[in-house]
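Computed from the coordinates by the stated procedures, all read-outs in this text should not be read as laboratory data. Because the structure is predicted, anything quoted here is derived from the model rather than measured. Positions of Cβ are backbone-derived with ideal geometry, glycine not excepted, and every protein chain shown enters the neighbour counts.
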Amino acid sequence: MLSSRDQKSIVIAKYFLPAVLLLCLAACNRNKDASAPAPESANSTAAATPATAGDTSLPDPCKLLTKAEAEAVLGEPVRDPEPGSLGGNRICDFKTVTVHGGVTPYWIHIAIIREQQQAWDAGKESFQKSDAKNMQPVDGIGDDAYFLLEDLDIFTKERYVNVGVMKSVDKPDHAKAVQDAELAVAQKAIPRMQ
């Protein structure tokens, strides 16, 4: 039996891999155009763009939630938000100052990537077939949303938004606390997206 973390990794890989492949194919097709400029050298300023930039036309997830709101959701002080990117998405992590169990802080994770309706629908259908018992629809957030394992996945304005929260790990109501926290984050963040 796979652990929750392994199941989550498989789900993320199944969902993000097609999106990353589509982005790569689009980039390859653009480079095949004979009128396209030659690729920039490794010494160019474009190559020096920080990895945390991601798709700059996407909203900055670190601006969708305030530090005070993150502290309210997690129930304790948090560090400054940590931006990042992977495969064209934009990521922001809010982590608590306190490390729990001597291993990890509690955290809020927000990731945003461009998504077409048909890709969202195909991914959702795939999860309904393969993991329906771990999928729970959520009304009133974005255009479509559902909990899958311990994450809240949202489709809004042709964007896929993933909200994850880690808190109350040693509490009997852990699953409910996480879902309530993810909803609280989404209710603040989604209306702020441009």
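Taking amide H positions as placed 1.01 Å from N in the peptide plane, with prolines and chain starts having none, which residues 5 or more places from Y106, or on another chain, fall under 5 Å of its amide H?
T96, H100
More than 17 Å apart: what percent of Cα pairs in the range 54-118 qualify?
Value for the range 54-118: 44 percent of Cα pairs lie more than 17 Å apart.
Any chance you could count the Lys pairs in the range 51-194 whose alpha carbons are under 14 Å apart, treating pairs 8 or more apart or on different chains as valid?
For the range 51-194, the number of qualifying lysine pairs is 6.
Return the FRET efficiency for the residue pair V169, D121: r is the Cβ-Cβ distance, R0 is 30 Å, and the value is rounded to the nearest 0.05.
Step by step, r from the Cβ atoms, then E = 0.35.
I need the fraction of alpha carbon pairs in the range 55-174 separated by more than 22 Å, rounded to a whole percent.
Working: 2868 of 7140 pairs.
For the range 55-174, the share of Cα pairs beyond 22 Å comes to 40 percent.
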